[in-house]
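The structure under discussion appears below in the form of structure tokens.
Each value in this text was obtained by applying a stated rule to the coordinates, not by laboratory testing. Just so you know, these numbers come straight off a predicted model, no measurement behind them. Cβ coordinates were reconstructed from backbone atoms using ideal geometry, including for glycine residues, and neighbour counts include every protein chain displayed.
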Amino acid sequence: MSDPTHDLPLTGAIKTDGTPLSLREYEAIGGYAAVRAALSGLAPADVTARVKDAGLRGRGGAGFPTGIKWALVPMGDDAPHPKYLVVNADEMEPGTFKDRLLLEGNPHQLIEGVILAAYAIQADIAYIFLRGEYTVAEDRLHHALHEAYEAGYLGRHILGGPWSLGLHLHMSIGRYICGEETALLNALEGKRATPRTKPPFPQISGLWGKPTIVNNVETLCNVPPIVARGAEWFKGLSRTPNGGTKMFGVSGKAKRPGLWERPLGTTIGEILDLAGGMRDGLTLRGIIPGGASTDFLGPEHLDVQMDFDTVPKVGSRMGTGTMILLDDRTCPVGMVHNLMQFFAQESCGWCTPCRDGLPWVQKVVGAIEAGQGREDDLDVLRRHARLLGPGLTFCALAPGATAPLGSALVRFKDDFERHIRDQRCAWN
């Protein structure tokens with residue numbers, strides 16, 4: 001990471017020694033200036049407008065415009081209260097570790113983003129819903145929250161004004177389904193983590209039936225620099241009409257797996273170059289571009305720009321922006337089986353296609369990988385990839401789970417057929 005500067009709105013202030021910024025260090029580089037400016041000179045609608053004009057889209061995977069999402073919350077004297085803001089920090093997408101860096105490296109930037117977002121919707125209470133395994137982030141957030149309360153950035157009558165906000169840290173017990181915002185809200189209420197029927201949407205009836213916004217960690221970390229430096233500056237950071245920068249990650253057999261902040265529109269090949277390319281002696285066969293729930297792309301897609309609008313044009317999604325690499329010495333059938341095991345385990349069991357379909361997919365792919373596949377198994381898998389697709393299940397878990405499966409059946413068809421024909425895995 002770079003030395004503390006404002007060149008990069010998310011990672012420019014993260015220190016290279018692995019320690020988080022203290023409150024005083026964060027303030028020294030302009031931290032909480034956006035909060036002071038907003039609370040003293042901007043109406044809540046002005047903050048929302050600035051975020052909307054900046055083109056900030058959700059960084060949790062869906063890419064919904066953040067300002068538009070906020071604008072759906074009822075405002076004015078007749079609006080229901082309390083209102084809630086909830087941070088989705090339950091980062092469980094396989095291959096994704098971007099929020100962890102932000103939480104551990106600069107927790108005050110998240111807290112400032114929460115304050116600004118809560119002010120924009122006039123929330124009364126906010127929660128950080130944190131993955132239970134992120135114990136380092138937990139400790140650092142507890143310390144940063146204490147500092148923020150002591151400095152008057154949180155609590156009653158923030159900075160001496162009329163508005164108050166309580167911000168609380170909630171540790172998750174860890175379920176992938178909590179990436180779906182209404183399942184997260186159920187879990188936060190102490191209920192079983194299952195998705196809710198929509199409408200009503202959380203902006204109208206969310207946590208305990210009150211207006212609620214759920215935003216991802218990376219999304220909220222972008223808010224302070226937008227409010228402080230303006231929409232045009234933020235849009236100017238990007239190579240595409242999608243505003244700003246993005247945390248891009250690489251895992252798999254690259255020389256230097258890791259995480260980098262780059263402009264939206266940076267190509268897949270450029271991100272792979274940041275990771276040093278493939279390890280010596282290995283060749284790239286496939287790329288899952290946005291976390292495990294996105295379709296495979298191939299080496300022919302290295303020039304594709306990573307942004308919300310371009311990646312879908314070549315048959316996948318940008319998702320979380322954290323790519324997983326497949327090399328020519330790793331079995332694609334085994335890789336898909338590993339993913340199906342995860343998704344089948346993480347199904348909340350709420351709808352039949354997901355509850356029963358994903359374990360069956362796991363069983364069939366596992367049999368093929370173990371050399372026990374049958375000729376009609378590929379038709380079974382193709383049918384499941386279609387019937388568990390978008391719009392056919394209660395939420396997006398099963399469609400995301402079958403995205404790598406369906407694309408692998410096309411891109412690595414020969415590998416699946418060879419497993420069945422030879423009754424073994426060639427990589428074992």
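Counting only residues 5 or more places away or on other chains, whose amide H sits under 5 Å from the amide H of F248 once H atoms are built in the peptide plane?
W260, E261, R262
Equivalent-ellipsoid semi-axes (√(5λ), Cα gyration tensor) for the range 65-107, whole Å, largest first?
Sorted largest first and rounded, they come to 30, 12, 10 Å.
With each pseudo-label sitting 7 Å past Cα toward Cβ, what's the K15-T352 distance in nm, one decimal?
For the pair K15/T352, the computed spacing is 5.7 nm.
Select from H142, I125, W163 the residue farthest towards the positive end of the dipole of the range 118-164; place +1 on Cβ of Lys and Arg, -1 on Cβ of Asp and Glu, and compute about the Cα centre.
Farthest towards the positive pole: W163.
Would you mind computing, in nm to one decimal, how far apart the modelled labels at R239 and D53 are, each placed 7 Å from Cα along Cα→Cβ?
About 2.7 nm, to one decimal.
Starting at the first residue of the range 60-65, write each ³J(HN,Hα) from the Karplus equation 6.51 cos²θ - 1.76 cosθ + 1.60 with θ = phi - 60°, in whole Hz, x for Gly and Pro.
x, x, 7, x, 6, x
For an R0 of 56 angstrom, estimate the FRET efficiency from the Cβ-Cβ distance between T310 and W208 and round to the nearest 0.05.
The formula returns an efficiency of 0.90 here.
Let me know the charge dipole size of the chain about its Cα centre in debye, to the nearest 20, where only the beta-carbon of Lys, Arg (+1) and Asp, Glu (-1) is charged.
Roughly 640 debye for the chain.
With a 10 Å radius around each residue's Cβ, average the other Cβ atoms per peptide and rank 25-32, 323-330, highest first.
323-330, 25-32
Label-point separation (nm) for K363 and L159, each offset 7 Å from Cα along Cα-to-Cβ?
Here the answer is 5.9 nm between the modelled labels.
Can you compute the label reach from R329? Point 7 Å from Cα along the Cβ direction, backbone N cut-off under 19 Å, restricted to the range 261-301.
Residues passing the 19 Å test: 276-287.
Find which of G391, A426, I368 sits farthest along the positive direction of the dipole of the range 346-428, computed with +1 on the beta-carbon of Lys and Arg, -1 on that of Asp and Glu, about the Cα centre.
Towards the positive end, the residue furthest out is G391.
Just for the chain, what percent of DSSP beta bridges are antiparallel, to the closest 5?
40 percent
Go through the range 181-192 residue by residue and turn each phi into a ³J(HN,Hα) via Karplus (6.51, -1.76, 1.60, θ = phi - 60°); whole Hz please, and just put x for glycine and proline.
4, 6, 5, 4, 5, 4, 5, 5, 7, x, 9, 4
Residues of the range 107-121 with amide nitrogen under 17 Å from the 7 Å Cα-to-Cβ point of A45?
Flagged as within label range: 119-121.
Hey, can you grab everything whose amide H is under 5 Å from the amide H of F296? Only 5+ residues off in sequence or another chain; H modelled, so Pro and N-termini drop out.
Amide H neighbours of F296: S407, A408.
Would you kindly compute the Cα radius of gyration of the chain and its largest Cα-Cα separation (Dmax), both in Å?
Cα radius of gyration and Dmax of the chain are 22.0, 74 Å respectively.
FRET efficiency for V410 and R256, Cβ-Cβ distance as r, R0 = 22 Å, nearest 0.05?
My answer for the efficiency is 0.15.
Please compute the contact order of the chain in relative form: average sequence separation of alpha-carbon pairs under 8 Å and at least six residues apart, divided by the residue count, as a percent.
15 percent
Give the long-range amide H neighbours of L167: residues separated by 5 or more places, or on another chain, with amide H under 5 Å away, using H modelled in the peptide plane at 1.01 Å from N.
It is A126, G155, by chain and number.
Grab the other residues whose beta carbon is less than 14 angstrom from that of G357, score K and R as +1, D and E as -1, and report the net.
So the surrounding residues net to +3.
I need the phi-derived Karplus couplings for the range 121-132: 6.51 cos²θ - 1.76 cosθ + 1.60, θ = phi - 60°, integer Hz, Gly and Pro marked x.
Along the range 121-132, the couplings run 9, 6, 6, 9, 9, 10, 10, 9, 8, 9, 4, x Hz.
Report the calculated FRET efficiency for E417 and A151 (r = Cβ-Cβ distance, R0 = 56 Å), to the nearest 0.05.
0.35
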